Every structure is written in C-alpha cells, then in structure tokens.
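Visitor: Sharing a structure here in structure tokens format.
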Amino acid sequence: MTVTTVQPVVGKKGTHRVSGLQALSYLVLTLALLFYLMPVFVMINNGLKDATNVSVSTMWNLPSHLSGGGFADAFRKLWPNMQNSVLMVIPATILSSLIGALNGYLLSKWKFRGADILFIIMLFGFFIPYQTIMLPMVRFLQMLGLYGTIPGLILVHVVYGLPITTLMFRNYFAGVPTELVEAACVDGAGILTTFTRIMLPLSVPAFVVVAIFQFTNIWNDFLFGVTVVPNPDAQPITIALNNLSGNFSVDWNVVMAGAIVAALPTLLVYLFLGRFFVRGLLAGSVKG
Amino acid sequence: MTLPTSAGIRSQVVPVVRVQRKRAWLSERTQSFLLLLPSFIAIAIFVYVFIGMTFWVSISNWRTLKVDMSIRQPPYATYLDMFSQPRFQADLRNTLVFTILFMGLAIAIGLFLAILLDRSIIGRGLFRNVFLFPYALSFVVTGVAWRWIFNPETGINLFFNILGINALLGQLGLEPLKPGWTTDPSVWLQVNKLLATVWPAAGKLQIQLGVPAAMIPVAIAAVWQLSGFVMAMYTGGMATISDEVRQAARIDGATEWQIYRHIVVPMLRPVTISIVVLLLHTSLKIFDLVFTMAGPGPGFATDVPAIFVFEQMFRATRYNLGSAAAIFMLILAGLVIIPYLRRSLREET
C-alpha cells in the first residue's frame with residue numbers, strides 16, 4: 001500500500017512529505033508533552049498560590065494574583081535541610097568520583113590476576129537492594145560514632161557509589177591507548193604519578209559525566225537519608241520534603257513549592273548539562 | 001594526534017622499561033592490587049559482610065529491641081512466618097502487578113516515543129528533553145506531586161466535573177465518577193476461585209489475588225518518571241543502526257512499519273535486555289515512590305516488600321522478620337542481575 005510513497009524517500013532519512021501520519025505524530029507528541037509537564041504545572045501553579053487562595057477544588061485554576069505563594073515558606077522550612085544536602089552531596093560526589101577514577105584506571109590499565117573477577121564482585125554491590133544491608137549498616141555507623149551525621153551519610157554514599165563510578169571509569173579508560181601509560185613509565189613515572197599527571201587530566205569528560213550521575217543519585221536519595229539520620233534537623237532535603245508533605249498542619253501550596261525547591265538543583269543540572277546527563281545514564285546502564 | 005605517535009616512538013626503547021621495572025620496589029601489578037585494596041575491603045564489609053549479618057539475623061530469634069542472635073529452631077521458621085503473613089502475600093501480589101503494569105507501559109511508551117522522534121520532527125530536542133526530565137527528579141518529588149494529582153478530592157477527579165462527565169452521569173441517574181485511587185482497597189479481576197480449581201492450596205490464601213486498584217496510580221507515576229529513560233536508551237541504540245540498513249530495506253519496498261517491526265526493533269535486542277533488567281530491578285526494590293505517594297495503603301493494597309522490610313525493622317522492631325524479607329528481595333534481585341552480569345562479562349572476554 002505504501003510502495004509509492006517509499007520511492008521518493010530513498011534519498012535521505014526523513015526529508016519527506018507532510019502527511020496525515022506526520023500530523024498525527026505531532027498530535028500524539030503534543031499530548032505526551034502535556035502529560036509529562038502536567039505534574040510540573042500542578043507544582044508550580046499551586047506553589048504560586050498563597051494560603052488563602054489555594055484550595056483542592058481549584059487545583060487547575062491559575063493563581064488569582066501574583067505573589068510568592070508558598071515559596072517563601074517552603075524555602076524557610078527546607079533551607080536547613082537543603083544545606084545538609086549540599087554538605088552531603090558535594091564531598092560524596094567528589095570522593096566517589098575520584099576513587100572510582102583511580103579504581104577504573106587500575107582495573108583497566110594494571111590488571112593483576114583475578115582483577116576482572118574482583119571487579120564483578122564489586123559491581124554486584126550496585127545492584128543489591130539496600131534493604132539487605134540497612135540494619136548492619138546502621139549498627140556499624142553507630143559503632144563508628146557516625147550514625148545520625150552527615151559524615152556518616154557521606155561514607156555510605158561513597159562506598160555504595162564506588163561500584164558504579166568504578167565501572168564508568170573502567171569503561172572510559174579502556175578506550176584510552178595503553179601506550180600512553182607505557183610511555184609515562186618509560187619516563188620513570190610510577191603508577192600513581194601516571195594517574196595524577198596523565199590519566200586524570202585526560203579523564204575530565206568522563207569526570208563530568210560521572211560526577212553528574214553521582215550528584216543526581218545522591219541528591220535524590222531517600223532510603224539512606226531516612227535510615228541513617230533520625231533527627232529531622234540533620235536530614236537531607238528529600239526526607240524533609242516527605243515530612244512536610246505528610247504534615248497536615250502545613251498548607252499544600254507550601255508542599256508543592258517545596259517539591260519544586262527540592263527538585264531545583266537536579267533540574268538545573270539537567271537543563272544546563274543535559275548532554276552529559278544522557279551520556280551518564282547510557283554509560284551507567286548499557287554496559288552493566 | 002601527536003601523543004600516540006610519540007608514544008609509538010618511545011615504546012621502541014624497550015630495554016629502558018625493563019630497567020625501570022627491576023628498580024621498582026614492588027611490581028606494578030602488586031602496587032595496583034594494593035591501591036585497590038581499600039575499596040575492595042570497603043565493599044567486602046559494606047556489601048558482603050553486611051549481607052551475611054542480615055542473613056544471620058533472619059534465622060535468629062532477634063524479634064524485639066533486645067539483641068538476640070541465637071539461631072531460631074528450625075532456622076527457616078521466620079521465613080515460614082513471613083510467607084504465611086497476609087501482608088507479605090499482598091506484597092508479592094502487588095509487586096507482580098506493579099512490575100507488569102509499570103514495565104509494560106514504560107517500555108511500550110518509551111519505544112513508541114523513541115520511534116516517533118526517530119525522524120525529522122520540528123522541536124525534536126525539546127520533546128526529548130521534556131520526556132526525559134522526570135528521570136532527573138527524586139522519587140520523593142514525583143511521589144508528592146502525584147499524590148495530590150490522584151487525591152480523590154482534587155486533581156484528576158476534578159476533570160470529571162470540569163469535562164461535564166459527572167453532570168452527564170447525573171442526568172442518566174448514575175453515581176458521579178469519583179475513584180478513590182490510592183485510597184481504594186478493592187482488588188479487581190480476582191482469580192482465587194479460578195486458581196483453586198487447578199491449585200487447591202490457592203483457596204486457602206488469606207488475600208485476594210488480582211489487580212489492587214490502588215496500585216494503578218502508583219504504576220502511572222513510575223511510568224511518568226521512567227518512560228523517558230526507556231526512550232533515551234532506545235534513542236541511543238537507534239543511533240548505532242546505520243542508515244544504509246534502513247535504506248536498503250526501503251529500496252526493497254519495506255514500509256516504515258515493517259522496517260521498525262523486522263529490522264530496527266530486533267537489532268535493538270541488547271538495549272531491550274538492558275532496559276528489562278534495569279526496570280525489573282527498579283521495580284523489585286521500589287520504595288521511595290510508594291512510601292511517599294501511598295504508603296502501605298488500605299488493606300496493604302500498595303504495600304511492597306521494601307516497605308515491609310523498612311517497617312518491620314524500624315517501626316515494629318521485628319528484626320528477624322524484616323531481615324528475612326530483605327534476603328528474599330536480594331534473591332529476587334540476584335535472579336535478575338547475576339545472569340545479566342555474567343552475560344556482559346562473557347561479552348567482554
């Protein structure tokens with residue numbers, strides 16, 4: 001039935017006709033667009049209403065007047081937890097990326113006997129449901145005196161981040177010519193010097209990808225935050241947002257604004273560094 | 001391009017390397033191993049020792065705040081308790097239903113969007129960016145937003161009034177449409193009786209087997225968050241299929257549909273396997289989204305194993321029961337992940 005329409009297309013992929021089919025795909029894509037944006041609209045629209053204006057029966061109506069709505073309140077309530085999240089996510093991202101880079105370099109360029117098997121044993125750690133380690137982890141952190149603290153959270157995020165950062169850097173360094181490492185060794189550089197002087201500077205693109213991947217994962221974490229830190233003042237923002245949302249004395253315009261506030265850092269990363277973000281999700285998944 | 005050349009020249013000076021190696025205090029391989037050792041020890045403790053301890057707790061008598069690591073008799077007694085609990089049975093049902101709904105919809109929608117955007121479309125970048133952005137959000141944010149959208153008093157239900165559907169139903173003398181969504185305890189498509197005809201033990205189950213209505217909104221929220229990820233994976237895979245393959249098919253008279261059906265989608269098989277494994281893995285351990293959006297739900301209609309573990313351990317202090325459920329989750333995840341890891345390892349060597 002379509003042989004006739006096939007003929008003119010042969011030249012180049014997609015330089016063709018405005019057909020009914022194409023109009024239909026625009027329609028479907030636009031409907032999908034509305035579906036994906038709908039929760040964001042709900043959050044922003046109702047976050048911008050103030051307490052007297054927000055009502056469950058008018059969720060889809062625009063705010064009657066412009067004001068800061070629930071945002072001022074949400075910022076005030078979530079600010080301490082936002083600070084906790086920042087204090088957690090920055091060191092945890094840097095450390096897990098750096099150690100992952102070293103591991104990936106060693107596992108791809110200085111393979112000892114059994115290196116591949118040890119790597120797989122390590123990688124399995126990325127895939128375990130963390131419920132399986134929660135109880136001993138909490139006890140262990142109590143032993144170390146790190147339970148309920150941000151350094152405790154940094155520690156678990158770094159350790160459980162290592163399998164995936166190691167994997168990503170190992171894949172990256174596998175593509176870097178081994179001659180570079182050999183040349184450095186000829187010049188008398190040791191394993192570590194070669195890493196810090198040659199491989200690390202070379203791996204900046206991978207570093208950006210891995211760091212964005214880790215930043216997003218750690219910022220968005222809920223399970224570790226809620227199990228390691230029982231004290232509400234010391235909790236990361238995702239847990240504070242959940243507490244806010246379950247608290248019925250808080251108006252829900254504040255909850256909606258709070259959701260936007262909690263999502264903002266990763267959304268900004270996505271908006272401005274989306275290219276690296278996509279590369280990270282492909283690197284972190286296709287080559288399990 | 002200067003670096004590889006200079007490296008090529010240097011590598012001819014082989015003897016110097018030998019001298020360097022002899023002078024080294026430890027061989028490079030040993031150094032490499034020693035440098036990796038701290039990470040390995042950390043993983044050994046935080047993953048393997050901890051799993052071992054959780055397993056021990058699961059066969060122990062530790063079921064109150066007071067630590068009791070003595071082995072329960074018989075050791076598997078806690079596992080028997082677990083499987084005979086209606087709540088845990090509901091969790092298994094819910095996980096199965098959620099997995100099917102979530103994976104089926106996420107993969108179908110993700111592939112469909114990837115195919116729609118696999119051609120010259122105005123605003124292609126915008127569409128892709130919008131479809132993928134939920135993946136950058138926390139499940140907590142998703143849960144909070146969708147909890148309000150599926151709140152029976154507002155959100156979706158308002159549309160039944162706005163669009164006049166309820167007015168129409170009223171004129172026909174019918175009840176207005178007001179689904180309870182996550183607050184609805186009903187279970188649809190009950191199969192207990194049907195199952196009992198072939199498997200008599202099913203008649204004794206304490207729960208209704210079927211589709212818990214409250215699980216559907218949760219699955220929709222999960223699809224919203226992760227279908228863009230499926231799309232991005234497929235888009236990445238489609239970029240690796242050369243245009244010549246498709247052009248050859250077009251010259252042979254294949255329609256666009258046939259090209260996707262018989263060439264593109266089969267060639268994307270490795271990507272599909274990755275997607276299935278990763279989504280299945282996400283689905284088996286889903287916690288944050290359900291916890292923030294619905295909690296255990298009415299009659300445990302939205303309870304999942306991850307919430308069960310969390311509540312048994314940190315609320316009910318039934319540590320052995322929580323640990324047994326955690327080990328069960330690990331076994332499920334392992335069944336999915338270990339073959340996948342073995343496969344990718346074999347491909348590598």
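Visitor: Does segment A:48-75 hold any residues that are over 30 Å from A:ALA211 (Cβ atoms) and in a helix (DSSP H, G or I), and which are they?
Guide: Let us first name the residues in segment A:48-75 that are over 30 Å from A:ALA211 (Cβ atoms), namely A:48-70, A:72-73.
Matches in segment A:48-75: A:VAL56, A:SER57, A:THR58, A:ALA72, A:ASP73.
Visitor: Which ones in segment B:224-270 are more than 11 Å from chain A (Cβ to nearest Cβ) and of a type in the set (Asp, Glu)?
Guide: Residues satisfying the conditions do not exist here.
Visitor: Name every residue in segment B:46-75 that is closer than 11 Å to A:MET122 by Cα and crowded, with 16+ Cβ neighbours inside 10 Å, in order of residue number. Full working, then the answer.
Guide: If we filter segment B:46-75 for residues that are closer than 11 Å to A:MET122 by Cα, which is where we start, we get B:46-48.
Selection gives B:PHE46, B:VAL47.
Per-residue answers, yes or no, for (1) of a type outside the set (Lys, Arg); (2) more than 25 Å from B:GLY237 (Cβ to Cβ); (3) in a helix (DSSP H, G or I):
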residue	(1), (2), (3)
B:ARG119	no, no, no
B:GLY125	yes, no, yes
B:PRO134	yes, no, yes
B:LEU158	yes, yes, yes
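Visitor: From the residues in segment A:260-286 that are not in a helix (DSSP H, G or I) and not hydroxyl-bearing (Ser, Thr, Tyr), which one is surrounded by the most Cβ atoms within 10 Å (Cβ to Cβ)? Spell out the reasoning first.
Guide: Initial filter on segment A:260-286 (not in a helix (DSSP H, G or I)): A:284-286.
Subsequent filtering for residues that are not hydroxyl-bearing (Ser, Thr, Tyr) retains A:284, A:286.
Numbers: A:GLY284: 21, A:VAL286: 17.
Among those residues, the one meeting the criterion is A:GLY284.
Visitor: Sticking with this one: Kindly indicate whether B:ALA136 is out of contact with any strand residue (DSSP E or B) (no Cβ under 8 Å at 6 or more places or on another chain), among the small types (Gly, Ala, Ser) and over 13 Å from B:MET293 (Cβ atoms). Quick ask: steps written out before the conclusion?
Guide: Numbers: out of contact with any strand residue (DSSP E or B) (no Cβ under 8 Å at 6 or more places or on another chain): yes; among the small types (Gly, Ala, Ser): yes; over 13 Å from B:MET293 (Cβ atoms): yes.
Judged against the criteria, B:ALA136 is a match.
Visitor: Given the residues B:VAL277, B:VAL265, B:VAL271, which is the only one that is free of Cβ contacts under 8 Å to residues at least 40 places away in the same chain, farther than 23 Å from B:TRP146 by Cα and hydrophobic (A, V, I, L, M, F, W, C)? Show your work before the answer.
Guide: Working: B:VAL277 fails: free of Cβ contacts under 8 Å to residues at least 40 places away in the same chain; B:VAL265 fails: free of Cβ contacts under 8 Å to residues at least 40 places away in the same chain.
Criteria check complete, one pass: B:VAL271.
Visitor: Now, a different point. Report whether or not A:PRO63 is surrounded by fewer than 19 Cβ atoms within 10 Å (Cβ to Cβ), touching a residue at least 24 places away in the same chain (Cβ under 8 Å) and either more than 12 Å from chain B (Cβ to nearest Cβ) or closer than 30 Å to B:ARG124 by Cβ (or both).
Guide: Taking the combined requirement at face value, the residue does not satisfy it.
Visitor: Can you spot a residue in segment A:251-259 that is facing chain B (nearest Cβ under 8 Å) and either within 15 Å of the chain's Cα centre (by Cα) or not in a helix (DSSP H, G or I) (or both)?
Guide: Checked segment A:251-259: no residue is facing chain B (nearest Cβ under 8 Å) and either within 15 Å of the chain's Cα centre (by Cα) or not in a helix (DSSP H, G or I) (or both).
Visitor: Select from segment B:61-98 the residues that are among the charged types (D, E, K, R) and either touching a residue at least 40 places away in the same chain (Cβ under 8 Å) or part of a helix (DSSP H, G or I) (or both) and list them in ascending order. Steps first, please.
Guide: Of all residues in segment B:61-98, those among the charged types (D, E, K, R) come to B:63, B:66, B:68, B:72, B:81, B:87, B:91, B:93.
Across segment B:61-98, the qualifying residues are B:ARG63, B:ARG72, B:ASP81, B:ARG87, B:ASP91, B:ARG93.
Visitor: Quick test of your reading of the structure: B:SER39 fulfils all but one of (1) closer than 24 Å to B:PHE328 by Cβ; (2) polar (S, T, N, Q); (3) without any contact (Cβ under 8 Å) to a residue 40 or more places away in the chain. Name the failing condition by number.
Guide: (1)
Visitor: Sticking with this structure for a sec: Quick check on my filter: what residues within segment A:240-249 are in contact (Cβ under 8 Å) with a residue 24 or more places away in the chain and either at the interface with another protein chain (Cβ under 8 Å from one of its Cβ atoms) or not in a helix (DSSP H, G or I) (or both)? Give the steps one after another, and end with the answer.
Guide: Here is the first cut: in segment A:240-249, the ones in contact (Cβ under 8 Å) with a residue 24 or more places away in the chain are A:240-241, A:244.
Once the filter is applied, which keeps residues that are in contact (Cβ under 8 Å) with a residue 24 or more places away in the chain and either at the interface with another protein chain (Cβ under 8 Å from one of its Cβ atoms) or not in a helix (DSSP H, G or I) (or both), segment A:240-249 yields only A:LEU241.
Visitor: Answer with yes or no whether B:MET293 is of a type outside the set (Ser, Thr, Tyr) and more than 27 Å from B:MET53 (Cα to Cα). Write out each step before concluding.
Guide: Numbers: of a type outside the set (Ser, Thr, Tyr): yes; more than 27 Å from B:MET53 (Cα to Cα): yes.
Yes: the conditions hold for B:MET293.
Laboratory data are not the source of any read-out in this text; all were calculated from the coordinates shown. Values in this document were obtained by computation on a predicted structure and should not be read as measured data. No Cβ is skipped: glycine too gets one built from the backbone with ideal geometry, and neighbour counts run over all protein chains shown.
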